[in-house]
Every structure is written in C-alpha cells, then in structure tokens.
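Here is the structure we will look at, set down as structure tokens.
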Amino acid sequence: MKRITTLETRNLCESAKNGGCGECQTSCQSACKTSCGIANQKCENKESK
Amino acid sequence: MIHQYKLNGYNIVLDTCSGSIHAVDEVAYDIIEMFLDNDEQTIVNTVLQKYKDRSDVTREEILLCIEDIKALKQQNKLFAPDTFESVAGTFKERSGDVVKALCIHIAHTCNLNCSYCFASQGKYHGERAVMSFEVGKQAFDFLIANSGTRKNLEVDFFGGEPLMNWDVVKQLVQYARSIEKKYNKNFRFTLTTNGLLIDDDVIDFANKEMSNVVLSLDGRKEIHDRTRVDYNGKGSWETIVPKFQKLVQARGGKDYYMRGTFTHANPDFLEDVKVMLELGFNELSMEPVVCKPGDDAALTEEDKKIVMQQYEDLAKLMLERKKEGRPFTFYHYMIDLTGGPCIYKRISGCGSGTEYMAVTPWGDLYPCHQFVGEEKFKLGDVWNGVTNKEVREDFASCNVYSREECKTCWARLYCSGGCAANAYHSTGSVRGVYKDGCDLFKKRVECAIMMKVAEETQNG
C-alpha cells in the first residue's frame, strides 16, 4: 500500500482463542506501583502468539 | 473504533479492537478520517480540493487509497468491531480464585519521612510494624496453596522500607527457594527500596535473588532532597546515589528501575531523567504523584500541560539516544507490539484483589498495597484466606467494560481500565475513573507508539 504502512502487531481477536494462561507478570508489581497499564507487559505463553 | 493523531511528524492510526497500528501519509490520514461518514464522491472531492496544489494527489490515487482502506477493514485491521464486551465478564472467571502475586509489606516503617508518601511514611495510617518470619512464611504457604497450576509466582518486598527488616527478607527468600521445586513453582522476587541501608550484603543478595529491584530516586538533587528527607529533615540524595550506582553496576544486566516521582515541584521531569542518565542509570521510570487535590505536591492543570510536552520530548530524546547507540528505557514506553499481552489480560487489568494481593506485617490481606489501611477492603488473612468474599467479588467483576467511560475510550485495551486504587481515592468507587491519570496515560501510549512507528519506518 502506497500511503499506508501497517506495523506488525499481535492480533487481539485471535488472542481470545488461545490466550488467558495467566503466567504473565502482574501489571503493577515490578515498577510503577501507582498506576495501571498492561501494554508494557510481556506475554509468557510462547505457544499462543 | 480508531484513534488518529499526529506526533513528531508522523501520522498514526490505531485500530482499538484489533490492536493494529498504521503509519500513514497525510492524504490517507484525511481519507481515513472521513471514511465512515462520507460517500466516495465526497471524499474524492474534499481531498482533491485540499491538495489541489499537489500533483501526486489525483482522483485515481485517492480511489486507490480508498480501496486499500476497504481491504484493511475487510481484514479487520481498521474499524474492527468490538467483539469483546459481551464476553468480558467471563474472562476473569477463567482464573477462578487463583492468587499468583503478593506484595509483602515486610516493614511498615521507614527511615525517610517523604511528605508525598501515599503510605504515610510507611505506616499506612497505622502503627509502625515489621513482619516476622512466621507471618511471612505463612504468606508464602498461602500463595503456594492458592496458586493452582500457575508456575510463575511474583513476590515484591515492599514497605515502608524493606531493608529495615532485611534479615527476614533473606530468610523468606531462602524458604521460598527451598520449596519452589517441590511445588513446581518459579518465584520472581522484586525489592523496592529507598537505598539508605544498601550495603555489600544487600547488593550481593539482591543481585542474586531479585529478578527486579526498584530504586527510588527523584532525579535532580534539589528535587529529590526537597521531599525525600530523613526525620531530621536531611536530604538522602548524597547518601543513596553512590549505593545505587554500585548496586546497578554489580547487577550484571539483570532488570532494575530507577523509579522517581514527579510533583508540582518538578513537572519538568525530563530534567530529572537527564540527571539519572548522567549518573549512569538507563532503566528508568518516572511516575506522576498520586495525592489528594489541593495537596501541595498535586499537579495543577498548568503542570499537566508541561508534563504532556515533557512526555513528547522524552520520546524524542529516547529516539535520538537510540540512534546514537546510547539507548535507555522508560517503563511506560515499553510496548511489545508482537509479544504483548493477550486480550484476557487487556480486559482483566492489574489483578488487584483477585490474583494480586498485599499482605500486612501482621498477615492481613488487602486487594493491593494502595488499599492497605482501608479497613473495609480487608479481604482476610494468610491463615484463613479470603473471607471477605464480597470485596473479592467486587474486584473480580472489575474489568475494562465495567467502567462506562472506558467502553468508548480508544486506549482501553492498553490500560485495561486503570488503577482501582486511584479510581477509589479520586471518585469513591473502584469502578470510577481517575481522569487525571487517564489523560497522562493516553499521552504516554501515543508517545510509545510513535516511537515504534519511528523505528519501524526507519526515519526515527
């Protein structure tokens, strides 16, 4: 596409089928302690990506 | 739903529900903006008129771009429908009553007297106390017994100041290591400290056992020492900086965060970031102060305007430094686009009150460290488990779609509804929305994604 570059991202709709293992880090646990954000968490389920 | 914005010379389109990110030129940006509410002829005429001085913007070109947009829509990468709301309530049910992370309040006491401390100088509005090994051991037994099939268990040693009860921290780590194989668990420890009591023993043990250490430093000496003082009013900067440098140098690449707080005194927090960099630290986190409106430390509306600009300037500085081969990380700008969290995590949020709890020095359980001291939120204790099912249910039913304001927010799957404690303290309800936090959060996400676009398109 000439005018649009799409970055490679995880397909969130697809992740509904095989996500939810719960092994990833608890959002607030390691750094901020005063705000919640999950975008910077890493997925720990290697098989679901 | 999409979100469009322009930042640092980039035109960016986020597709909320698919998570897709598109870097576009200004013509495509305008076409996407008009796409849903206008017919093709109107779009063509409007764009031709706007770009009448540009030879590359022809009717054919515009129609080609419209076809590209249709194709992305067809692939659910643009204007993807929200298929999550109807099932959001069931997502947390998958984890049942599993607990996988504890914030262990190893010491409700502190050797600093920071005026902005949310924990009232480590006492959490109560008496000074330290946790005994017996209480801590019971907390670990409670965690293992309630962790189901989860392998990775996280424990943060928190305070107050954890190093004021360091021997018990070490004993508890040794206890956990002695049982983790037997129960097929993997403990990940974090230590959060103000640094005053760091010595060689702390450095050796923390660097061996703690998967992360969070080191409290506010940046510039005058900023840090304005707030982070001992009980004689003496600033702590001179004492802690060499200790932090020694610890980080010996860490051998393991994770750490220099974690600062910015307040009304330093909305220009990028200056503090630069000081941290000059001191040799390059894994950074700076957080806006959380306090009651009217508090001297609270950020004003004017401050917020400065902070918004600082976030943009920080992102630009990070891009520059990366180009120069001197990269550094900022906690809130760490977005993994391909390996980030699944939709379950994005909808369920931080896990407070369900899979994540705080333990007081005497063994009481609370939904998170920020609720400790709020008696009505007490969940139970480490001997009897969660007995206050009502509070637990309340937190279990919290998700991004249980907050009206979040349902239509473009950033909902990046923040997952925000911090329940901030919501409670600002609105009186864990289902409220802490608007000041939202505004800053959205700016941070925009900056973080802009950096990805810059790196991806190799113009950054």
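Since every read-out is calculated from the coordinates, none of them should be taken as a lab result. Remember, it's a predicted structure, so these values are computed and weren't measured experimentally. Cβ placement follows ideal geometry from the backbone for every residue including glycine, while neighbour counts extend to all protein chains displayed.
Where only DSSP H runs of four or more residues are counted, chain B gives -12000 deg cm²/dmol as its mean residue ellipticity at 222 nm, each run worth -39500 (n - 2.57).
Rounded to the nearest 0.05, the FRET efficiency derived from the C-beta distance between B:Leu48 and B:Lys292 at R0 = 56 Å is 0.55. Taking every DSSP beta bridge that has both ends in chain B, the antiparallel portion is near 35%. Placing a pseudo-label 7 Å from each Cα along the Cα-to-Cβ vector at B:Asp25 and B:Asn184 gives an inter-label distance of 5.6 nm. Annotation: extensible slack from B:Asp268 through B:Glu374 equals 34.9 nm (criterion: 0.36 nm per residue apart, minus Cα-Cα distance). Placing a pseudo-label 7 Å from each Cα along the Cα-to-Cβ vector at B:Asp199 and B:Gln174 gives an inter-label distance of 1.7 nm. Of the trypsin sites (Lys or Arg not before Pro) found in the range B:173-233, the ones in coil according to DSSP and having at most 13 other Cβ atoms within 10 Å of their Cβ are B:Lys181, B:Lys182. Here the range B:95-460 is treated as a sphere whose radius is the Kirkwood value from Cα pairs; by Stokes-Einstein at 20 °C and 1.002 mPa s it diffuses with a coefficient of 101 µm²/s.
Which loop-located GluC sites (Glu not before Pro) does the range B:112-165 contain, where loop means any DSSP state but H, G, I, E or B and the Cβ has at most 13 other Cβ atoms within 10 Å? Hits after loop and neighbour filter: B:Glu127. Remark: spin-label model distance B:Ala145-B:Lys435 equals 4.6 nm, labels positioned 7 Å along the Cα→Cβ axis.
In a DSSP loop and with at most 16 other Cβ atoms within 10 Å, the chymotrypsin sites (Phe, Trp or Tyr not before Pro) in the range B:340-383 are B:Trp362, B:Trp383.
Provide the FRET efficiency to the nearest 0.05 for the B:Glu238-B:Asp336 pair, computing r from the beta carbons and using R0 = 41 Å. Given R0 = 41 Å and the Cβ-Cβ separation, E is 0.65. Lysine pair count for the range B:1-116 with Cα-Cα distance under 25 Å and sequence separation of 8 or more or different chains is 9.
A straight chain from B:Trp383 to B:Glu456 at 0.36 nm per residue would run longer than the Cα-Cα distance by 21.1 nm.
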